[in-house]
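Trainee: A single structure is presented below for examination.
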Amino acid sequence: EMMKELLGLSSLEKELEQRLGVPKVIVVSGDSDENDWVKHELGQATSLELSSRLKPKDVVAVMGGTTLAAVARMMTADAKNREVVFVPARGGLGEKVENQANTISAEFASRAGAQYRLLHVPDQLSEEAYSSLILEPSVQEILTIIKSASVVIHGIGDAETMATRRNSKVPSLQKLIDNHAVGEAFGYYFDENGKSIYKQRTIGLQLDELDQDKYVISVAGGHSKAKAIAAYVKNRPSDVLVTDEGAARSLLDL
Ligand code: G3H
């Protein structure tokens, strides 16, 4: 804490809380666009925040991405986590295996000494496949668990970066650009007013299900994500935002 005062991070946190309307902002030093180690710092700060909130029998829904993978790697085992269950918040979004919510949720559980459940849903579901899959009893069972999550933890991406990385044909990159998409979080694309302009079709938590009794932890760093973060929190202010100095300073310059 004293270190944070010295680095001026505490005042950045306060300014951002006011500016973004997010009750708690945690800023770590550095810029993850410039240095890889900053993602570990984001991971550590988020893992501490999550661990301090976890209660036995909590269901924690997690999303994918390289930032969330870094958070999972920083989790530490605790006896009180034995009955905590980690689940992916939504099905496949077209990420590499190590960046998928399923993989990351299993990693969270194994590091934290908790349980996990998988959601087996293919990427880029057709309307027909979607409608019949959600009727499967095994899918319904895990969906009920996912929707009961008390904590949701997810990353935020720059819209163009994410659409390119996921190689999405639908919607085309051009369509996202035409609609002024700036940010992406769990398969939803947002414009700068925080309006959702497109969502990838997959099973799991939908944006309008993040009601007030779910505790939402958003983790995103790097100056290139400033616009994306600002857009996302306009839609549904996070309960906690964990970010880095690079993103924080760019956010205040917007
Ligand atoms: O939805 C947002 C992305 O998952 C963020 O991915 O953490 O690899 O930048 P990233």
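The values are calculated or read from the model by the stated rules, or taken from the named source; none is laboratory data. Small disclaimer: the values here were computed from a predicted structure and weren't measured. No Cβ is skipped: glycine too gets one built from the backbone with ideal geometry, and neighbour counts run over all protein chains shown. Note: accessible area is taken over every heavy atom of the protein model, side chains too, but ligands, DNA and RNA are not part of it. Shrake-Rupley method; radii C 1.70, N 1.55, O 1.52, S 1.80 Å.
Trainee: Looking at region 182-200, is at least one residue more than 13 Å from the ligand (Cβ to nearest atom) and part of a helix (DSSP H, G or I)?
Mentor: Looking through region 182-200, none of the residues is more than 13 Å from the ligand (Cβ to nearest atom) and part of a helix (DSSP H, G or I).
Trainee: Of everything in region 106-165, what is assigned to a strand (DSSP E or B), within 16 Å of the ligand (Cβ to nearest atom) and open to solvent by less than 20 Å² (accessible area, probe 1.4 Å)? Give them in sequence order. Working first, answer last.
Mentor: Step one: list which residues in region 106-165 are assigned to a strand (DSSP E or B), which gives 115-116, 151-155, 157-158.
If we keep only those that are within 16 Å of the ligand (Cβ to nearest atom) too, we end up with 152-155, 157-158.
If the condition is that a residue be assigned to a strand (DSSP E or B), within 16 Å of the ligand (Cβ to nearest atom) and open to solvent by less than 20 Å² (accessible area, probe 1.4 Å), then Val152, Ile153, His154, Gly155, Gly157 are the ones that fit.
Trainee: Name the single residue, out of those in region 72-85 being over 19 Å from Arg117 (Cβ atoms) and within 16 Å of the ligand (Cβ to nearest atom), that is surrounded by the most Cβ atoms within 10 Å (Cβ to Cβ).
Mentor: Met74
Trainee: Those residues that are of a type outside the set (Gly, Ala, Ser), out of contact with any Gly (no Cβ under 8 Å at 6 or more places or on another chain) and open to solvent by less than 80 Å² (accessible area, probe 1.4 Å), I need them from region 187-206; list them, please.
Mentor: Scanning region 187-206 gives Tyr188, Asp191, Ile197, Tyr198, Leu205, Gln206.
Trainee: Additional query: Go through region 41-50 residue by residue and tally those that are within 16 Å of Val152 (Cβ to Cβ) and more than 13 Å from the ligand (Cβ to nearest atom).
Mentor: Residues in region 41-50 being within 16 Å of Val152 (Cβ to Cβ) and more than 13 Å from the ligand (Cβ to nearest atom): 3 in total.
Trainee: Still on this structure, please answer the following. Mind listing just one residue for me: the one in region 51-67 that is within 16 Å of the ligand (Cβ to nearest atom) and not β-branched (Val, Ile, Thr) and, of those, surrounded by the fewest Cβ atoms within 10 Å (Cβ to Cβ)?
Mentor: Quick first cut of region 51-67, residues within 16 Å of the ligand (Cβ to nearest atom) only: 61-67.
From what's left, not β-branched (Val, Ile, Thr): 61, 63-65.
Details: Ala61: 29, Met63: 28, Gly64: 28, Gly65: 26.
For region 51-67, the residue satisfying everything is Gly65.
Trainee: I want to confirm something. Restricting to region 217-240 and keeping residues that are small (Gly, Ala, Ser) and open to solvent by 10 Å² or more (accessible area, probe 1.4 Å), which single residue is farthest from Leu20 (Cα to Cα)? Reasoning before the result, please.
Mentor: Start the filter on region 217-240 by keeping residues that are small (Gly, Ala, Ser), which leaves 218, 220-222, 224, 226, 228, 230-231, 238.
Next, only the ones that are open to solvent by 10 Å² or more (accessible area, probe 1.4 Å) stay: 224, 230.
Details: Ser224: 17, Ala230: 7 Å.
Residue satisfying both the conditions and the ranking: Ser224.
Trainee: Give me a count of the residues in region 166-181 that are more than 12 Å from the ligand (Cβ to nearest atom), crowded, with 18+ Cβ neighbours inside 10 Å and either touching a residue at least 60 places away in the same chain (Cβ under 8 Å) or farther than 30 Å from Ala226 by Cβ (or both).
Mentor: Here the count works out to 1.
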